[in-house]
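Structure, as C-alpha cells:
Quick note: the coordinates plus some simple rules give every number you see, no bench work behind them. Quick caveat, the model's predicted, so the values are computed rather than measured. All Cβ positions, glycine included, derive from the backbone under ideal geometry; neighbour counts span all protein chains shown.
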Amino acid sequence: RPMLKDPARGPDVIRRLKAKGCSVWTYECNLYLQMQDLLTYCRFYPMEAYTMDLDGAAVWMSGGRSGDDGFDSSDGYDDGALWMGNDRKMTTTKRFEAFREGLEDVAYVDRLKREIARVKTLGKDVSAAERLAAAPKGLMAKPSQEDVDAWRLAVGEEINRLVRIK
C-alpha cells in the first residue's frame, strides 16, 4: 500500500501492471486493530482503492473468539472482524461494518458517476453532482464521521434526483 500511495512511483506502477493485464489490488495488514482509526483504516480503505483506480482492496482482520467474551479488549484480543459467540453464531464487529460501509460508499459514488454521465448527454447541468463525486478525496484528507454521514446522505439524494431526469 505505501508504494501505491507514493505520488512519484504509485501511478506508474499501477499503470504498468494494468498495461500487462494484471488486476491491481491493495492489501492492508495491521496488528492491534483496536489502535487503528475505524474511519481511515476500515471505512475509507475501499474508497481509497477506488480513487486510485485499483481493482480491489483487501484487509486482514482476524476472526475468532478469545476467552468468554471476544469483544472484551482487556485480554488484548479485540482485533476481529467477525466473532463466534458461545452460541457458535458469527457476529459482525464495528470493523467489519465500517469496511462494509466503505464498500457501499464506493457503490454510491460509482452510481452517481454513471448518472452524471447519462444526464450530461441530455445537456443538463451536473456541476453539483460532480462536486459530490469528487468529495471523497477531501473527506479522506480530513476525516470526520459527521462529514462522511452528511456527504453520503447528499449523494443518495443527488442520485435520486438524477435518476428522475429524462
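Here is how the numbers come out for the structure above:
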quantity: Nonlocal amide H pairs with Met52, under 5 Å, H built at 1.01 Å; calculated: none
quantity: Cβ-placed point charges (K, R +1; D, E -1), dipole of the range 123-166 about Cα centre in debye, nearest 20; calculated: 220
quantity: Gain upon complete extension [Ala19, Glu157; 0.36 nm per residue less C-alpha separation]; calculated: 46.0 nm
quantity: Projected-area average for the range 118-165 over all orientations - Cα convex hull basis, square nanometres; calculated: 3.3
